[in-house]
Amino acid sequence: MKLFRRGMSPRPSQTRPAAYGEANPGTGVVDPALQELTGEWIIDPAHSRIGFSVRHAMVTTVRGSFTEYQSRLFFDGHDPSRSRAEVVVSTASVDTGVGQRDAHLVSRDFFDSANYPRMQFVSTAVQFAGSDVYRMTGDLTIKDVTRPVVLEMAYIGHVLDPFGYQRAGFDGTTTIDRSDWGLTYNSQLAEGGSMVSEKVRLQFDIAAIRNAPAG
């Protein structure tokens, strides 16, 4: 799934990465260390996880992830509210560790991957929430249904790895009602209640690599 034509291989940084800084809510002044992180980034799939968890049979939790996706991220250290993100996920790449269950998830009962091969998140606003936490609002599209969601994004840190690449880590979570996107399949338990919860927790464990600037 090729989303962006521009090359995505990062170029090693020639400078030591700056320590993380944050804007002062009272003065609006952004720490110069944070400003140095401004630029384009991509998600490193080898060290990231886009996943979900959902209650099953009311007593256990099923966890899964999507193994194929493309991303485009931009972080504005001068004005974090201008940062943005776009992630496109292959619905057929869902992996819960059980082949039969994965086949059911890509069927018409759930993602209907044959007709809706992708789902997409596009950010619309970013707000600094304090203490290394950002609130990212965006549009989530599943099966051609687009609805707003709010991610709580926690900043983990920023390093220069042994290969000279700049890396930044974020953890993001949100909880959605899957029926809002037409994922309504379910079966009822004899004791009452549903086999699969309507509430699904989405989890974004992100290791981002800085993109090479245009040359």
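For the range 71-83, enumerate the residues that are open to solvent by less than 30 Å² (accessible area, probe 1.4 Å) and over 13 Å from the mean Cα position of the chain (by Cα).
Result: D76, G77, P80, S83.
Does F204 count as in contact with a Leu (Cβ under 8 Å, 6 or more places away or on another chain), buried (at least 17 other Cβ atoms within 10 Å of the Cβ), farther than 26 Å from R108 by Cβ and modelled with pLDDT of 90 or more?
Yes; evaluated as a whole, the condition is true for this residue.
Name every residue in the range 89-123 that is open to solvent by less than 40 Å² (accessible area, probe 1.4 Å) and among the acidic types (D, E), in order of residue number.
D102, D112
Quick check on this structure: which one of E68, E86 is open to solvent by 50 Å² or more (accessible area, probe 1.4 Å) and under 27 Å from N211 (Cβ atoms)?
Unique residue meeting the criteria: E68.
Pairs under 6 Å by beta carbon, first residue under 18 Å from E198 (Cβ atoms) in the range 98-116, partner among the small types (G, A, S) and open to solvent by less than 30 Å² (accessible area, probe 1.4 Å), six or more apart or different chains?
Going by the 6 Å Cβ cut-off, there are no qualifying pairs.
Kindly establish whether T61 is in contact with a Lys or Arg (Cβ under 7 Å, 6 or more places away or on another chain) and free of Cβ contacts under 8 Å to residues at least 12 places away in the same chain.
In short, yes.
Scanning for something in contact with a Pro (Cβ under 9 Å, 6 or more places away or on another chain) and either modelled with pLDDT of 95 or more or not in a loop (DSSP other than H, G, I, E, B) (or both), does the range 2-13 turn up at least one residue?
no
Restricting to the range 158-196, what's the tally of residues that are assigned to a strand (DSSP E or B), at pLDDT 85 or above and either out of contact with any Asp or Glu (no Cβ under 9 Å at 6 or more places or on another chain) or closer than 30 Å to T146 by Cα (or both)?
Residues that pass the stated criteria total 14.
So V126 ticks every box in (1) without any contact (Cβ under 8 Å) to a residue 60 or more places away in the chain; (2) more than 16 Å from D171 (Cα to Cα); (3) surrounded by 16 or more Cβ atoms within 10 Å (Cβ to Cβ); (4) touching a Lys or Arg at 6+ places or on another chain (Cβ under 9 Å) but one. Which box is left unticked?
Condition not satisfied by V126: (2).
The values are calculated or read from the model by the stated rules, or taken from the named source; none is laboratory data. In this text, all values refer to a predicted model and were calculated from it rather than measured experimentally. So basically every Cβ, Gly included, is an ideal-geometry build from the backbone, and we count neighbours across all protein chains shown. In case anyone asks, the SASA skips ligands and DNA or RNA and just uses the protein heavy atoms, side chains included. Shrake-Rupley method; radii C 1.70, N 1.55, O 1.52, S 1.80 Å.
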